[in-house]
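Below: one structure, written as structure tokens.
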Amino acid sequence: MSIDIQATLQRFRDPGVRQSAAMDDLVRQAVFGSSDARELTRWLIWEIGQAAGVRPASIHDLYMARGRGVVPPFTTPAINVRVMAYDTGRAIFRAAKRLDVGAVICEIARSEIAYTDQRPAEYVAVMTAAALREGFTGPLFIQGDHVQVNAKKFAADPQGELAAIRQLIEEELHAGFYNIDVDTSTLVDLSKTTLDEQQRINYERAAELTQYIRERDPAGVTVSVGAEIGEVGGKNSDVHELHAFMDGYTRTLKRLGNFTGISKISVQTGTSHGGVVLPDGSIAKVQLDLAALQALSHDARTKYGLGGAVQHGASTLPADAFGHFPACEAVEIHLATNFQTIVFDHPKLPADLRREVNEWVKAECKDEWKKSDTEEQFIYKSRKKAIGPFKRRMWDLPPDVRAAIGADLEKMFAFLFEQLRVQGTRATTDRFVQPPLQSHAAPRPIAMAAPDDVEAGE
């Protein structure tokens, strides 16, 4: 079928059309269409979002306001959308709209981009379409999580690894990621004798990447940049490390030029990505150092004017833990694995698909199977690698299955929004974040397949 660009844009001005199966068809083309069809539909979704008030935005100014103490404490959930991205995004925005949430981030890490098969341009299109489908309006915070330097690759070829990071930043900015968490914490060297020496490579590289981002800030946007002082899963952070990093980072950034710095700082307080898996596949209880988190967030705000400290690796914590984060004035919390678990372990997920996923993991990821791990531990840790290969299968699940999974995801998101005190943050977010209109030049008109004819990888 051919598509009339102007007629399509005009048609989607109607909220009833945006919130219908017509949006489902459009985003399907943006993910599974031919190369030309993907380019065109991603552009259409961007322009529809711009007109409807769903615009990629930076959370920088809201966090700076939090650092000044002019908005009440809340902890922004940063949700890593991995599996069933469109359905998960819809569940996020349904809950956000119902609870009047403005402060919520959708994010994807450097490592996740590969194994979930979601490049930045696709990710922005899918999250924008999900918000439009649910009638959510307001700033759309999309974040590059853990834009992380690989320590082994850096040791072998520092310039090559940094070039790869810069290339990803460029791709993310172009797509509409206006929140980027630079992670050079992998370069911290605890063998050094002073904290400044331990943090030096971390803060110098973080400052250089901040400069790189600032020189590419879109017009009217100050990208929210985050940094990290302690690798998640490693040694717990303390305020002395925070001071060493921030003092060195500030000196380095000043030497590089008059650039705006970071808005938040990620710390380690006892969690690990994915949680600690027990032999039966369940998750061990972790000991969170909440006093350290509170102290770190306090000093980040009062001494350096940041929004506060960021907690990673938290989705697998017990339900009664989440209310502690706004009480400790953590500005942001990163949540991922539990949502993936809800999908993979959902009772409505067809048994044959679950079996195929597990068999694929055992065949394709066997090199990751540690001798000390049970099969349950191995599958839990490695099944995320099946998300990309099974993306189309998940997208094609029957509507009733997708609806049931989406409903349970929405319940979880609503619970987290309430616990993290972001319920009712819509007006505050709109007060400090007003994303400019960014209309892009249209690609050339092309013929597109009918929705039922779209094939993955065309």
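The values are calculated or read from the model by the stated rules, or taken from the named source; none is laboratory data. All values reported here derive from a predicted model rather than from experimental measurement. Heads up, the Cβs are rebuilt from the backbone with ideal geometry, glycines too, and the neighbour counts pull from every protein chain shown.
Against the conditions (1) in contact with a helix residue (DSSP H, G or I) (Cβ under 8 Å, 6 or more places away or on another chain); (2) surrounded by fewer than 23 Cβ atoms within 10 Å (Cβ to Cβ); (3) within 19 Å of Phe177 (Cα to Cα), Ala37 satisfies every one except (3). Hey, does segment 137-145 have a residue that's in a helix (DSSP H, G or I) and assigned by TED's automatic domain parsing to the domain that holds Ala95? The answer is no; no qualifying residue exists.
Within segment 229-251, at least one residue is of a type in the set (Val, Ile, Thr) and modelled with pLDDT of 95 or more. Please go through segment 238-262 and give me each residue that is surrounded by 21 or more Cβ atoms within 10 Å (Cβ to Cβ) and in a loop (DSSP other than H, G, I, E, B), ordered by number. Across segment 238-262, the qualifying residue is only Ile262. When Arg42, Arg90, Arg68 are screened for being surrounded by fewer than 24 Cβ atoms within 10 Å (Cβ to Cβ) and modelled with pLDDT of 95 or more, only Arg68 passes. Number of residues in segment 391-424 that are closer than 30 Å to Arg66 by Cα and touching a helix residue (DSSP H, G or I) at 6+ places or on another chain (Cβ under 9 Å): the value is 14. The residue of segment 273-321 that is modelled with the lowest pLDDT, among those that are of a type in the set (Lys, Arg) and surrounded by fewer than 19 Cβ atoms within 10 Å (Cβ to Cβ), is Lys285. Consider segment 372-417 and keep the residues that are at pLDDT 95 or above and outside any helix (DSSP H, G or I). The one that is farthest from Val101 (Cα to Cα) is Pro389. Just checking, does segment 198-216 include any residue being out of contact with any Asp or Glu (no Cβ under 7 Å at 6 or more places or on another chain), farther than 30 Å from Ser439 by Cβ and either without any contact (Cβ under 8 Å) to a residue 12 or more places away in the chain or hydroxyl-bearing (Ser, Thr, Tyr) (or both)? Scanning segment 198-216, I find at least one residue that is out of contact with any Asp or Glu (no Cβ under 7 Å at 6 or more places or on another chain), farther than 30 Å from Ser439 by Cβ and either without any contact (Cβ under 8 Å) to a residue 12 or more places away in the chain or hydroxyl-bearing (Ser, Thr, Tyr) (or both), so the answer is yes. Cβ-Cβ distances below 8 Å connect the following pairs, each with a first residue in segment 157-172 that is without any contact (Cβ under 8 Å) to a residue 12 or more places away in the chain, a second residue that is surrounded by fewer than 18 Cβ atoms within 10 Å (Cβ to Cβ), and a separation of six or more residues or different chains: Gly160/Lys153; Ala164/Lys153.
Residues checked against (1) surrounded by 16 or more Cβ atoms within 10 Å (Cβ to Cβ); (2) of a type outside the set (Phe, Trp, Tyr):
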{"position": "Pro347", "(1), (2)": "no, yes"}
{"position": "Arg355", "(1), (2)": "no, yes"}
{"position": "Glu368", "(1), (2)": "no, yes"}
{"position": "Asp373", "(1), (2)": "yes, yes"}
{"position": "Lys381", "(1), (2)": "yes, yes"}
{"position": "Lys384", "(1), (2)": "yes, yes"}
{"position": "Lys391", "(1), (2)": "yes, yes"}
{"position": "Phe413", "(1), (2)": "yes, no"}
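The numbered conditions (1) closer than 30 Å to Arg119 by Cβ; (2) not assigned by TED's automatic domain parsing to the domain that holds Val239 are all true for Ser372 except (1).
For segment 171-222, the set of residues classified as part of a strand (DSSP E or B), within 25 Å of Trp43 (Cβ to Cβ) and of a type in the set (A, V, I, L, M, F, W, C) consists of Ile180 only.
Residue selection: Ile201 satisfies the criterion of being among the aliphatic types (A, V, I, L, M) and either more than 29 Å from Tyr123 (Cβ to Cβ) or touching a Pro at 6+ places or on another chain (Cβ under 7 Å) (or both).
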